[in-house]
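The values are calculated or read from the model by the stated rules, or taken from the named source; none is laboratory data. From a predicted model like this one, the values you see are computed outputs, not experimental measurements. So basically every Cβ, Gly included, is an ideal-geometry build from the backbone, and we count neighbours across all protein chains shown.
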Amino acid sequence: MLLFFLVIAAGCIAKDLPLLKRKSRTRDRLVWLLFWALGIAAVYCSLNKVKVPSPLYLVIMIYKPVNTLFESWFY
């Protein structure tokens, strides 16, 4: 099943890559490859039922120190 999705992803990559080559923008290619890698990783995790922590934990981890900093400034 994973191989099937990888073949589909490779086909989509082959279709999209010429469009990115024409622009010759390294940043666009890097972001494009990053999104493809994240998408393939998400499919892998969902197919193999890998337990991934919620992204909300990252938001909470960033929010708490910033919140305490602002509390110390404004109270």
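Summary of values
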quantity	calculated
Inter-residue pairs, beta-carbon under 6 Å, first of a type in the set (K, R) and in the range 12-31, second modelled with pLDDT under 75 and surrounded by 12 or more Cβ atoms within 10 Å (Cβ to Cβ), 6+ apart	R29/L20
Only listed residue being at pLDDT below 80, part of a helix (DSSP H, G or I) and either surrounded by 10 or more Cβ atoms within 10 Å (Cβ to Cβ) or touching a helix residue (DSSP H, G or I) at 6+ places or on another chain (Cβ under 7 Å) (or both), chosen from L3, L20, L34	L20
Hits in the range 46-64 (condition: without any contact (Cβ under 8 Å) to a residue 12 or more places away in the chain and closer than 23 Å to D16 by Cβ)	S46
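Residue-wise test of (1) of a type in the set (V, I, T); (2) assigned to a loop (DSSP other than H, G, I, E, B); (3) within 30 Å of I13 (Cα to Cα); (4) over 15 Å from the mean Cα position of the chain (by Cα).
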position: A41; (1), (2), (3), (4): no, no, yes, no
position: C45; (1), (2), (3), (4): no, no, yes, no
position: K51; (1), (2), (3), (4): no, yes, yes, yes
position: V59; (1), (2), (3), (4): yes, no, no, yes
position: I62; (1), (2), (3), (4): yes, no, no, yes
position: L69; (1), (2), (3), (4): no, no, no, yes
position: S72; (1), (2), (3), (4): no, no, no, yes
